[in-house]
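The block underneath contains the structure these notes are about, expressed in structure tokens.
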Amino acid sequence: MKIKIGNITVFLLDSYDMISKRAAAMVASQVTVKPKSVLGLATGSTPVGMYQELVKMYQKDEVDFSDIRTFNLDEYFPIQQDNEQSYAYYMNQNLFSHINIKKESIHIPNGATSDVGIECDVYDKAMEDAGGIDLQVLGIGNNGHIGFNEPNLHFETGTHVVELDAGTIQANARFFQSESEVPRQAISMGIRNIMNAKKIVLLANGAAKADIMEKMLYGEVSPHVPASVLQLHRDVTVLLDQEAGAKIRSHIK
Ligand code: F6R
């Protein structure tokens, strides 16, 4: 089912598999229509299925990634790229090593930088020089974060260093041996970087995301729920499975 909530187009889909396929189709169409597309990419559990679909499409010769450029939303700090929990490692495992993207076209904030301030400026400049992001893929944290823009008193604009929320550290501890190993900081695109994308697609699945999806789509726009800012963007598509869309369904019945 497709509904419109304010400016945002929401697809209430049956399953995670359907979210993954639809998101992959959106990315593939973007790349087909504009081979030199600049894609903004997310990590986490949610987009894993989408990346699997994109790899399958590439293997069937349905999409060519040779001219795309990519910018990832975020990376832990400090972390080495070969650490299996780094987002650089994740991207390589889930997508980049399986497709024909050029190495030099991949951008992920450098979590091993010795000067994080410069790294943030360099990242912003690289995005600007690439002409901005054509299609940004987002997940959403249980607390409404997008990228690692945690609930805050104000919206951060450009790429910046973030102190991760206790809840985010706890949620992400599932990927590490123990909670104490989760880095306490991250480098993240800011809200301006995300809002400057020409198109945005946000994916969410599972019951843990039901409350935040209601707040993001029906609540007021506030930095306390960072994803709510997407209500102000002109081209946002949200893809939800049954569980993540449960509260939205109750609004339309
Ligand atoms: C990841 C990112 C985060 C995740 C969010 C949801 O690059 O920017 O905002 O999208 O934490 O994570 P999952 O998908 O693991 O629930």
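The values are calculated or read from the model by the stated rules, or taken from the named source; none is laboratory data. The structure displayed is predicted, hence computed values, not measured ones. Methodologically, a virtual Cβ is constructed for each residue, glycine included, from the backbone with ideal geometry; neighbour enumeration extends over all protein chains shown.
Structure values in brief
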| read-out | value |
| --- | --- |
| So ILE106, is it surrounded by 21 or more Cβ atoms within 10 Å (Cβ to Cβ) and of a type in the set (A, V, I, L, M, F, W, C) | no |
| Leading residue by the ranking (nearest to GLU62 (Cα to Cα)) among those in the range 22-46 that are charged (D, E, K, R) and surrounded by fewer than 17 Cβ atoms within 10 Å (Cβ to Cβ) | LYS34 |
| Verdict on ILE187 being without any contact (Cβ under 8 Å) to a residue 60 or more places away in the chain, β-branched (Val, Ile, Thr), buried (at least 22 other Cβ atoms within 10 Å of the Cβ) and in contact with a strand residue (DSSP E or B) (Cβ under 8 Å, 6 or more places away or on another chain) | no |
| Matching residues in the range 213-227 - criterion: being closer than 17 Å to PHE11 by Cβ and either without any contact (Cβ under 8 Å) to a residue 40 or more places away in the chain or within 16 Å of the ligand (Cβ to nearest atom) (or both) | MET213, GLU214, MET216, ALA227 |
| Any chance ASN142 is on the phi < 0 side of the Ramachandran plot, buried (at least 18 other Cβ atoms within 10 Å of the Cβ) and either within 16 Å of the ligand (Cβ to nearest atom) or under 17 Å from the mean Cα position of the chain (by Cα) (or both) | no |
| Some residue of the range 151-173 being within 16 Å of the ligand (Cβ to nearest atom), closer than 22 Å to VAL48 by Cα and in contact (Cβ under 8 Å) with a residue 60 or more places away in the chain | no |
| Pairs where the first residue, in the range 30-50, is small (Gly, Ala, Ser) and the second is assigned to a strand (DSSP E or B) and within 10 Å of the ligand (Cβ to nearest atom), C-beta under 6 Å, 6+ apart | ALA42/VAL137; ALA42/LEU138 |
| Tally of residues being surrounded by fewer than 16 Cβ atoms within 10 Å (Cβ to Cβ) and in contact (Cβ under 8 Å) with a residue 40 or more places away in the chain across the range 241-250 | 1 |
| Flag if ILE140 is closer than 30 Å to GLY219 by Cα, of a type outside the set (Lys, Arg) and touching a strand residue (DSSP E or B) at 6+ places or on another chain (Cβ under 6 Å) | yes |
| Spans of helices (runs of 4 or more DSSP H) in the range 1-99 with at least 3 residues more than 16 Å from the ligand (Cβ to nearest atom) | 16-33, 48-59 |
| Selection within the range 228-240 - of a type outside the set (Ser, Thr, Tyr) and either crowded, with 17+ Cβ neighbours inside 10 Å or within 15 Å of the ligand (Cβ to nearest atom) (or both) | VAL229, LEU230, GLN231, HIS233, VAL236, VAL238, LEU239, LEU240 |
| Residues satisfying the stated conditions in the range 103-130, i.e. over 18 Å from GLY147 (Cα atoms) and touching a Phe, Trp or Tyr at 6+ places or on another chain (Cβ under 9 Å) | LYS103, SER105, ALA112, THR113, ALA130 |
| Test result for ASN152, farther than 28 Å from LYS4 by Cβ, polar (S, T, N, Q) and either outside any strand (DSSP E or B) or at pLDDT 95 or above (or both) | yes |
| Qualifying positions in the range 173-207 - in a strand (DSSP E or B) and touching a Pro at 6+ places or on another chain (Cβ under 9 Å) | GLN185, ALA186, ILE187, SER188, LEU203 |
